[in-house]
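Down below is the structure, laid out as C-alpha cells.
Readers should treat all values here as calculations from the given coordinates under stated rules, not as data from a laboratory. Note that the structure is predicted; figures quoted are calculated from it, not measured. When we count neighbours, we look across all protein chains shown, and the Cβ atoms used for this are built from the backbone with ideal geometry, even at glycine.
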Amino acid sequence: MSTHALQGRVALVTGGAGGIGAAICRELAAQGAAVVVGYNSSADKAATLASQLPVAALPHAALAAPVTDSAALAGLADEIGRRYGRCDILVNCAGTTSFVPHHDLDALDDGLIERILSTNVRGPFAAVRALRALLEANGNGLVVNVSSIAAVTAMGSNVMYCASKAAVDNMTRSLARALAPAIRVVSVSPGLSDTEFVKSMDHGWRDEQAARTPLKRLADPREVALAVVAVATHLTFTTGAVIPVDGGRPLQ
C-alpha cells in the first residue's frame with residue numbers, strides 16, 4: 001500500500017480512543033490523513049492519541065463526538081467545517097454493549113436495550129446525517145461503519161448487540177443506495193479483536209474463541225484498521241458491501 005495515499009484528506013473517527021478506533025486513527029494518519037479523534041467521555045485519552053499520531057499536512061484534533069446527541073454532532077460538523085473546510089472520511093466506530101447470556105431475557109432490560117440501540121444504530125445514522133454536507137462536497141466521501149461478525153452469526157455479548165450490528169449492515173446498504181454517487185458507504189465487520197480489553201478477560205475463554213476460528217487466532221486491531229484504509233485507498237469501486245475481518249469464524 002502506497003504511503004500518504006490520503007494526503008490532504010480529513011477523517012473523523014467516532015469512538016477513536018478505543019482499541020479498534022485508536023488503531024484506525026493511527027493507520028489513517030500513517031496514510032497522510034488529518035484525523036479527528038472523536039470521543040464521548042475519554043477526552044484525555046483522545047487528546048493524547050491525537051498528539052501522538054504521525055504528522056500530516058493538516059493538524060490532528062481530539063473533539064467531542066457523543067453519537068447519542070444529535071445536536072452535539074451537528075456542532076461537531078460545524079467545527080470540522082470551520083477548522084478544515086472538509087471531511088472526506090467518517091468512520092463510525094463508537095459502540096457499546098454488556099455481556100448478558102442470550103437465554104436470560106429479563107437481564108436484557110429496557111434501559112440496556114435503549115443504550116445499545118441508541119449508540120450502535122441511531123448513533124452511526126446521526127453521525128452520517130450531521131456530516132453529510134461535508135462528506136458529499138467533494139463528490140467522493142466515504143463512510144465506514146464498524147460492524148461485527150455478530151450480525152451474521154447471532155453470537156455475541158447479548159441478543160440486542162447482535163441485532164444492532166445486523167441493523168448497521170442493513171443501514172450500510174440503504175445509505176449506500178441513498179447517498180451514491182457522492183458518498184460511498186461500507187461496513188467493516190471484525191470478529192473478536194485482541195484489544196487490551198479482550199486481553200484482560202478470562203484467558204481460557206479468549207483461547208477458546210481463537211480455537212473456534214479457522215485461522216486459530218483473534219483479529220489484531222491493526223488488521224481491522226487496515227481494512228478501513230483499504231476501503232479508502234484501493235477498494236474505490238466498493239459501496240454497500242460488508243467486508244469481513246473475522247478469520248473465517250462463520251465457517252465453524
Beyond 25 Å, the calculated P(r) of the range 1-132 holds a percent of Cα-Cα pairs equal to 27
Note, the range 138-154: 3J(HN,Hα) by Karplus (6.51, -1.76, 1.60, θ = phi - 60°), whole Hz, Gly/Pro = x, goes 9, x, 9, x, 9, 10, 10, 9, 7, 9, 6, 4, 4, 5, 9, 7, 6
Quick note on Cys87, Cys25, Cys93, Cys162, ordering by fewest other C-beta atoms within 10 Å, gives Cys162, Cys87, Cys93, Cys25
Answer in debye to the nearest 20: the dipole magnitude of the range 73-171 about its Cα centre, from +1 Lys/Arg and -1 Asp/Glu charges placed on Cβ, is 480
Expressed to two decimals, the range 10-242 has a Cα Rg over Rh, using the Kirkwood radius, of 0.95
In deg cm²/dmol, rounded to the nearest 500, the helical mean residue ellipticity at 222 nm of the chain, built from -39500 (n - 2.57) for every DSSP H run of length 4 or more, is -13500 deg cm²/dmol
In the range 10-242, taking the dipole from +1 charges on Lys and Arg beta carbons and -1 charges on Asp and Glu beta carbons about the Cα centre, the listed residue (Ala107, Val37, Ser118) farthest towards the positive end is Val37
Diffusion coefficient in µm²/s returned for the range 145-252 by Stokes-Einstein, Kirkwood Rh over C-alpha pairs, 37 °C and 0.692 mPa s, is 226
Bounding extents of the range 30-83 in its principal axis frame from Cα atoms, largest first in Å, are 31, 23, 15
Taking a straight Cα-to-Cα line shorter than 20 Å from Lys45, and setting aside same-chain lysines fewer than 8 residues away, one finds Lys199
Cα-Cα pairs in the range 110-149 separated by more than 13 Å, as a whole percent of all pairs, come to 61
When the chain is treated as a Gaussian network with springs between alpha carbons less than 10 Å apart, the largest mean-square fluctuation among Met155, Met171, Met201 is found at Met201
Computed about the Cα centre, the charge dipole of the chain from +1 Lys/Arg and -1 Asp/Glu charges at the Cβ has a magnitude in debye, to the nearest 20, of 780
On each of the three principal axes the extent of the alpha-carbon atoms of the range 122-181, given in whole Å and largest first, is 39, 18, 14
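In which sequence would Arg82, Arg249, Arg129 go, from the one with the fewest C-beta neighbours within 10 Å to the one with the most?
Exposure proxy ranking, most exposed first: Arg82, Arg129, Arg249.
Please identify the longest segment of the chain free of exposed chymotrypsin sites (Phe, Trp or Tyr not before Pro), where exposed means a DSSP state other than H, G, I, E or B and no more than 15 other Cβ atoms within 10 Å.
100-236
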Counted neighbours (other Cβ, 10 Å), sorted fewest up, put Ile113, Ile243, Ile80 in the order Ile113, Ile243, Ile80
